[in-house]
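For reference, the structure discussed in these notes is given below.
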2 protein chains.
Amino acid sequence: MKINYELIKNSKNTNARYGKIETNYGTYETPMFMPVGTRATVKSLTPEELIGVHSGIILANTYHLWLRPGEDIVAKCGGLHKFMNYKGPILTDSGGFQVFSLAKNKQKDIQEEGVHFKSHIDGQNLLLTPEKSIAIQNKLDSDIAMSFDECPPASASYEYLKNSVERTIRWAKRGKAVHNNPNQALFGIVQGGPYEDLRKYSAIETVKLDFDGYSIGGVANDGESKEDMYKAIEYSIPYLPENKVRYLMGVGEPVDIIEGVIRGVDIFDCVLPTRIARHGQAFTRNGKINFHNAKYKEDTSKLEETCDCYTCQNYTKAYIRHLITTNETLGGRLLSIHNIRFLIKLTEELREAIKNDKILEYKEEFLTKYNKNSV
Amino acid sequence: MKINYELIKNSKNTNARYGKIETNYGTYETPMFMPVGTRATVKSLTPEELIGVHSGIILANTYHLWLRPGEDIVAKCGGLHKFMNYKGPILTDSGGFQVFSLAKNKQKDIQEEGVHFKSHIDGQNLLLTPEKSIAIQNKLDSDIAMSFDECPPASASYEYLKNSVERTIRWAKRGKAVHNNPNQALFGIVQGGPYEDLRKYSAIETVKLDFDGYSIGGVANDGESKEDMYKAIEYSIPYLPENKVRYLMGVGEPVDIIEGVIRGVDIFDCVLPTRIARHGQAFTRNGKINFHNAKYKEDTSKLEETCDCYTCQNYTKAYIRHLITTNETLGGRLLSIHNIRFLIKLTEELREAIKNDKILEYKEEFLTKYNKNSV
């Protein structure tokens, strides 16, 4: 099957919505947070640990898997699910974002056919096109594939973005034309920066192509303000169909997940929980904390007494700090488990709040506590 | 309780023996391999994963825990077991080996009172004495503590070793006199390099002090030949009591475990399985293999079809190679699980071989296969 989104309840006072998404690997509730498994591994964790923190869909990066080990090897191993042993649904991005952010020396040559760039690994000349991106994703055999889009920097001019949006729509068409995996859904991506008319145009034209779901892209760029991010969502959502799932790409700060949900987003992904974990940081209800801080040296309390994750059930702050300050990889692993669970639990609570028409009260309560002591 | 060793069966043709060791945390069969949790963590693994590979006793390093986080913090967290969440028995070494191998610039000043040296972390002046080592281990609250010994280099002269053995015996006496943890066993350590008379003297004098078990030390030094290692065991074992457990420190190559068992050793420990894992290497029945080798790129077979570990049950060689070559920490973790399981399984098979009086046949069969293709 492809995927099927069922809208169950619209929030009374906001655009927030509660729904369900049916996939090849089970049905999951939305709003949902997707952990990121860049190279077919959510850094340091096993699939069982992801299931343990109630993961649904996870994300893997087409660009990284194309370069290493190569999509043919993943296909030879039976596709992404068998390759990485994840028994839940997997979404792959298009590679577009990485081409623009990781290309060697940030040099790329954007042509109508696609993007010429040098590999960040060995400098090899590469060309990624809409057709190539879809062909790779077809072979990876993810449950949801993304259209190849241009991700312009936050500094791009209106004129540039206008042309870019047009090209991204032409690319989406070309990708859809060659997509040929009957078990894989294909999403379109809305671009247009912080401009209302461009977002509107991009959304309407992309929806005309009739995708299985829609993403809002170009919102997690370096230098973008939160206001521009929220505007981009607000300008896009009204033109997306109610009966299709909506995915905000690359967003994972708790406040942004809450603001995204309130504006009508169903799915989020971000490397943040695992990245900050490797740097010794953890999400808590009272804000982010940093285990390099000496105040945790003799702290025999749990990271969060109310958290149900493996880390909080079994370890003290003093032990986690010891692992982090001695560079033991178990430290980053324990914090990754907690941080992913934290964001997934946040979406669970947001779902409850939508069901009870308490989403604004929930936001107020959560953020008041969260922002008080955050580092 | 302290510990209790029960000798169940002596091998017919060799000194190998099968027995059981009763501890505060359950009874375990010997010969046994102990995984090493240097800083109160067996690198990258959780306690549940250790139980999953059938670990019994594990080892933690007194030197490392003394420096970070400090024994008082471990004690405040309820001792090593609670600190690291391991529900099996834990042995701590004395810190002696690390003082001699890790001291900054390899400089140390060995006096009768103890060893003056500089911390390898911050260059701080430190003094480790027999009394201090025992006091730290008492606070760590391991199940088995080791006497503080001098670990001379493999290049040490006979004259040097003679004096060193005498001093280690005096240190053992001093440590025993201050040991005061009623739930902790204390082992003596036999030294003496490759010299028959020194090993004999060291063993006899150490046994006179009546420890709960005996270690053979000074055998895993840089530059020591395998022949010297085997001699050191052969010269020590005859003078150790039958009713006490025997532990060969720092040894973990499969061939050395087999040769040690044949010579009458009950317990082994080594960082080898986790260290080679981080470098992309795995033990197999056909010898060590290296996942950096391109031949595993498209290898969809398991690491070892006959192995019951989590890694072999769930992943292909192609996936492990992908993780290793992209520096994903899950790669080292999966190989650590397999490598530890490999050595523990080896000791399980050695126990069966002793029970069936087939230990020499087992050695022949194992090593013929293992040595054929080893890297």
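The values are calculated or read from the model by the stated rules, or taken from the named source; none is laboratory data. Bear in mind that the values here come from a model prediction, so they are computed numbers and not experimental data. Note: ideal-geometry Cβ built from the backbone for every residue, glycine included; neighbour counts use all protein chains shown.
Which is more than 22 Å from A:Asp93 (Cα to Cα) and not in a loop (DSSP other than H, G, I, E, B), of A:Ile233, A:Ile258, A:Ile237?
Details: A:Ile233 fails: more than 22 Å from A:Asp93 (Cα to Cα); A:Ile237 fails: more than 22 Å from A:Asp93 (Cα to Cα).
The conditions single out A:Ile258.
Return the residues of the stretch B:71-109 that are modelled with pLDDT of 95 or more and more than 22 Å from the chain's Cα centre (by Cα); say none if nothing qualifies.
Scanning the stretch B:71-109 gives B:Asp72, B:Ile73, B:Ala75, B:Lys76, B:Cys77, B:Gly78.
Any residue that is outside the structural domain of A:Ile51 (by TED's automatic domain parsing), surrounded by fewer than 17 Cβ atoms within 10 Å (Cβ to Cβ) and of a type in the set (Asp, Glu) - is there at least one of those in the stretch A:362-373? Before you say what the answer is, go through the steps one by one.
Looking only at the stretch A:362-373, we keep the residues that are outside the structural domain of A:Ile51 (by TED's automatic domain parsing), and these are A:362-373.
Retained after the next criterion (residues that are surrounded by fewer than 17 Cβ atoms within 10 Å (Cβ to Cβ)): A:364-365, A:367-369, A:371-373.
Adding the requirement that they be of a type in the set (Asp, Glu) leaves A:364-365.
There is at least one residue in the stretch A:362-373 that is outside the structural domain of A:Ile51 (by TED's automatic domain parsing), surrounded by fewer than 17 Cβ atoms within 10 Å (Cβ to Cβ) and of a type in the set (Asp, Glu).
Could you tell me which residue of the stretch B:30-40 is nearest to the other protein chains (Cβ to nearest Cβ), considering only residues that are touching a Phe, Trp or Tyr at 6+ places or on another chain (Cβ under 8 Å) and part of a strand (DSSP E or B)? Walk me through it before giving the result.
Quick first cut of the stretch B:30-40, residues touching a Phe, Trp or Tyr at 6+ places or on another chain (Cβ under 8 Å) only: B:30-34, B:37, B:40.
From what is left, the residues that are part of a strand (DSSP E or B) are B:30, B:32-34.
Numbers: B:Thr30: 28, B:Met32: 23, B:Phe33: 21, B:Met34: 18 Å.
So, considering only residues that are touching a Phe, Trp or Tyr at 6+ places or on another chain (Cβ under 8 Å) and part of a strand (DSSP E or B), the one nearest to the other protein chains (Cβ to nearest Cβ) is B:Met34.
Scan the stretch B:84-107 residue by residue and report those that are farther than 16 Å from B:Val36 by Cβ and within 13 Å of chain A (Cβ to nearest Cβ).
Across the stretch B:84-107, the qualifying residues are B:Asn85, B:Lys87.
Filter the helices (runs of 4 or more DSSP H) completely within the stretch B:299-375 down to those with at least 1 residues that are touching a His at 6+ places or on another chain (Cβ under 6 Å) and either of a type in the set (S, T, N, Q) or within 14 Å of chain A (Cβ to nearest Cβ) (or both).
Numbers: elements: B:310-314, B:317-325, B:329-355, B:359-372.
Output list reads B:310-314.
Quick check, is A:Ile189 more than 17 Å from A:Lys231 (Cα to Cα) and of a type in the set (Val, Ile, Thr)? Write out each step before concluding.
On the way: more than 17 Å from A:Lys231 (Cα to Cα): no; of a type in the set (Val, Ile, Thr): yes.
Considered against the rule, which asks whether it is more than 17 Å from A:Lys231 (Cα to Cα) and of a type in the set (Val, Ile, Thr), A:Ile189 comes out as no.
Residues that are within 14 Å of chain B (Cβ to nearest Cβ) and either within 21 Å of B:Lys82 (Cα to Cα) or at pLDDT 95 or above (or both): does the stretch A:261-272 have at least one? Give the steps one after another, and end with the answer.
In the first step, residues of the stretch A:261-272 are kept if they are within 14 Å of chain B (Cβ to nearest Cβ); the result is A:271.
If we keep only those that are either within 21 Å of B:Lys82 (Cα to Cα) or at pLDDT 95 or above (or both) too, we end up with A:271.
The answer is yes; a qualifying residue exists.
When you go through (1) assigned to a loop (DSSP other than H, G, I, E, B); (2) free of Cβ contacts under 8 Å to residues at least 60 places away in the same chain one by one for B:Gly218, which number turns out not to apply?
Of everything listed in (1) assigned to a loop (DSSP other than H, G, I, E, B); (2) free of Cβ contacts under 8 Å to residues at least 60 places away in the same chain, B:Gly218 misses just condition (2).
Could you say which residue among B:Thr325, B:Thr274, B:Thr284, B:Thr311 is under 20 Å from the mean Cα position of the chain (by Cα) and β-branched (Val, Ile, Thr)? Let's see the steps before the verdict.
Details: B:Thr325 fails: under 20 Å from the mean Cα position of the chain (by Cα); B:Thr284 fails: under 20 Å from the mean Cα position of the chain (by Cα); B:Thr311 fails: under 20 Å from the mean Cα position of the chain (by Cα).
None of the other options fit; the residue is B:Thr274.
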